[in-house]
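The values are calculated or read from the model by the stated rules, or taken from the named source; none is laboratory data. Owing to the predicted nature of the structure, the values given are computational and were not obtained by experimental measurement. Cβ coordinates were reconstructed from backbone atoms using ideal geometry, including for glycine residues, and neighbour counts include every protein chain displayed.
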Amino acid sequence: MRTAPTILHLDMDAFFASVEQASKPSLRGKAVIVGGLGPRGVVATCSYEARVFGVHSAMPMAQARRLAPNAAYLVPRFGFYRTISEQVMGLLRALSPLVEPLSLDEAFVDLEAGGAAWDRESARLVGVKLRADIRAVTGLTGSVGLAASKMLAKIASEQAKPDGLVLIEPGTERALLGPMPVRTLPGVGPATGDHLRRAGITTVEEIAEAGEDELVRLLGKAHGHALYAMALAHDDRPVVAERETKSVSVEDTYDVDIHDRLRVGLEVQRLADRCVRRLRGAGLSGRTIVLKVRRYDFSTLTRSETLRGPTDDPAVVREAAARLLESVDTTGGVRLLGVGVSGLADYTQEDLFAQAAGERVEGLAEDVADEPVREEAGPAERRWAAGIDVRHAEYGHGWVQGSGLGRVTVRFETPDSEPGRVRTFRIDDPALEPADPLPLVARRPELQG
Ligand code: TTP
Ligand code: MG
Ligand code: MG
């Protein structure tokens with residue numbers, strides 16, 4: 001293991017919600033909840049102001065509404081989050097050729113590989129400057145962890161949240177980890193945590209004390225061995241640059257459209273198995289399960305579900321694909337089916353046990369606009385989903401605050417305006433149309449690569 005804290009972990013603070021607050025001045029400092037707003041929707045994330053009410057990611061939206069009835073509830077704008085993510089990742093790539101993104105808002109950077117830092121002081125300076133640059137370019141805050149290993153860098157950024165920087169001095173790792181709950185370690189989810197607790201192990205120090213043999217007995221060879229090493233703060237995993245393969249997928253086109261719903265289901269199961277064989281063959285696991293369906297009329301749609309952590313378990317992929325299929329109308333026949341896994345990782349970061357036991361977090365289909373029409377939401381209401389950008393011929397740029405009963409309420413404001421005024425229109429008002437998001441920060445030429 002290296003001796004200098006030159007592995008950096010960045011994670012943006014309340015990412016989706018912070019982007020919404022930066023876009024919408026009236027929401028700054030307020031409880032903002034982003035997620036699926038339908039009856040079975042879940043919270044993608046919420047602002048720190050909403051977290052004090054107990055709201056958190058993956059919570060059913062109905063429960064969030066009970067806890068924080070006065071919060072702003074918005075649908076996610078994935079395309080825009082991706083744009084912001086690319087800006088952030090660009091800043092990281094300027095630091096080192098070794099940048100390993102873990103999600104839209106999170107990445108490891110090996111600062112030594114790029115010569116950006118070689119010791120404690122140079123690493124800290126890079127972290128401080130990075131946070132300032134992120135703020136200048138995106139208007140958002142991200143938290144930075146610095147340590148001599150990936151595991152500790154990630155723990156450090158978690159401690160730094162929100163809007164901070166924590167550097168873990170090499171040599172202090174074990175003392176720091178000792179009193180922490182076992183759940184702090186990568187690979188320990190709720191199920192493994194329970195399993196360890198029943199064996200009387202609740203802290204990292206107790207894992208170290210139990211010894212490797214006991215861990216292997218409790219958790220099996222691979223998991224036990226890995227966990228014991230982590231508890232001793234041994235983590236030699238290198239930062240690996242973004243892999244070429246972004247997803248592993250398989251698909252089949254049918255000579256004759258498939259009409260039988262049962263048969264469609266069986267095909268999806270078969271494709272899921274084939275996809276997992278490919279995934280395993282490449283030594284990968286993935287977090288997002290994608291189902292692709294092309295219908296008789298060539299209309300093609302994709303549905304996706306994001307698990308709490310990467311998986312290569314065929315049962316998990318099969319189940320997710322089957323769930324996704326439930327939301328797709330196949331009347332009229334199906335011409336092509338595909339199953340894919342993206343969000344790839346080399347190892348299963350989260351809880352293997354839990355996933356096999358079917359515990360998971362249902363993510364959001366990325367194509368929200370493409371979701372099946374829900375009973376209480378007609379096409380017009382969905383067109384004017386809360387949070388999306390609009391433009392009015394007379395009043396300019398704004399966002400939908402809410403809609404219903406044939407009306408849509410729009411707040412007219414832009415990222416660099418004062419909090420704006422609200423106006424209500426008929427949903428078919430010809431002067432109102434959907435718009436693209438506006439940049440969060442007015443372009444500053446000296447900061448653009
Ligand atoms: P996180 O980094 O886990 O959370 P966060 O950035 O919202 O908050 P924190 O300050 O604690 O880091 O996730 C990044 C984004 O990914 C998050 O803003 C929304 C999305 N997301 C989901 O859609 N579903 C989920 O279950 C989680 C955890 C995140
Ligand atoms: Mg985050
Ligand atoms: Mg994150």
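Here residue 165 clears all of (1) at pLDDT 95 or above; (2) outside the structural domain of residue 108 (by TED's automatic domain parsing); (3) of a type in the set (A, V, I, L, M) except the condition numbered (2). Count of the stretch 92-121 residues, restricted to those that are within 16 Å of ligand 3 (Cβ to nearest atom) and part of a helix (DSSP H, G or I), is 1.
Just a yes or no: is a residue in the stretch 111-129 under 10 Å from residue 7 (Cα atoms), within 14 Å of ligand 1 (Cβ to nearest atom) and surrounded by 20 or more Cβ atoms within 10 Å (Cβ to Cβ)? The answer is no; no qualifying residue exists. Residue 97 satisfies every condition listed in (1) of a type outside the set (Gly, Ala, Ser); (2) within 16 Å of ligand 1 (Cβ to nearest atom); (3) at pLDDT below 95 except (2). Looking at the stretch 401-431, which of its residues are at pLDDT below 95 and of a type in the set (Phe, Trp, Tyr)? Correct list: empty. Residues in the stretch 99-135 that are within 16 Å of ligand 2 (Cβ to nearest atom) and touching a Pro at 6+ places or on another chain (Cβ under 7 Å): 107 alone. Scanning the stretch 320-351 for residues that are crowded, with 17+ Cβ neighbours inside 10 Å, modelled with pLDDT under 90 and under 22 Å from residue 41 (Cα atoms) yields a single hit, 343.
For every residue, the table says whether it meets (1) among the hydrophobic types (A, V, I, L, M, F, W, C); (2) touching a Ser or Thr at 6+ places or on another chain (Cβ under 9 Å); (3) modelled with pLDDT of 95 or more.
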{"position": "257", "(1), (2), (3)": "no, no, no"}
{"position": "272", "(1), (2), (3)": "yes, no, yes"}
{"position": "282", "(1), (2), (3)": "yes, yes, no"}
{"position": "288", "(1), (2), (3)": "no, yes, no"}
{"position": "318", "(1), (2), (3)": "no, no, yes"}
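From the list 58, 44, pick out the single residue that is within 14 Å of ligand 2 (Cβ to nearest atom) and under 22 Å from residue 383 (Cβ atoms). Lay out the reasoning, then the answer.
Working: 58 fails: under 22 Å from residue 383 (Cβ atoms).
Exactly one of 58, 44 is within 14 Å of ligand 2 (Cβ to nearest atom) and under 22 Å from residue 383 (Cβ atoms), namely 44.
Which of the residues belonging to the stretch 76-88 are away from ligand 1 (no atom under 12 Å from the Cβ) and modelled with pLDDT under 95? Even if it seems obvious, please write down each step before you answer.
First, pick out the residues of the stretch 76-88 that are away from ligand 1 (no atom under 12 Å from the Cβ): 79-80, 83, 86-87.
The answer is 79, 80, 83, 86.
Conditions (1) within 16 Å of ligand 3 (Cβ to nearest atom); (2) part of a loop (DSSP other than H, G, I, E, B); (3) aliphatic (A, V, I, L, M); (4) touching a residue at least 24 places away in the same chain (Cβ under 8 Å), marked per residue:
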position	(1), (2), (3), (4)
156	yes, no, yes, yes
163	yes, yes, no, yes
174	no, no, no, yes
196	no, no, yes, no
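Just a yes or no: is a residue in the stretch 299-306 within 22 Å of the chain's Cα centre (by Cα), assigned by TED's automatic domain parsing to the domain that holds residue 265 and within 16 Å of ligand 3 (Cβ to nearest atom)? Yes, the stretch 299-306 contains a residue that is within 22 Å of the chain's Cα centre (by Cα), assigned by TED's automatic domain parsing to the domain that holds residue 265 and within 16 Å of ligand 3 (Cβ to nearest atom).
Going by the conditions given, is residue 144 crowded, with 23+ Cβ neighbours inside 10 Å, in contact with a Lys or Arg (Cβ under 9 Å, 6 or more places away or on another chain) and not acidic (Asp, Glu)? Let's see the steps before the verdict.
On the way: crowded, with 23+ Cβ neighbours inside 10 Å: yes; in contact with a Lys or Arg (Cβ under 9 Å, 6 or more places away or on another chain): yes; not acidic (Asp, Glu): yes.
Yes: the conditions hold for residue 144.
Does residue 96 fit the bill of being within 25 Å of residue 343 (Cα to Cα) and either touching a Cys at 6+ places or on another chain (Cβ under 7 Å) or within 16 Å of ligand 2 (Cβ to nearest atom) (or both)? Against the criterion (within 25 Å of residue 343 (Cα to Cα) and either touching a Cys at 6+ places or on another chain (Cβ under 7 Å) or within 16 Å of ligand 2 (Cβ to nearest atom) (or both)), residue 96 does not qualify.
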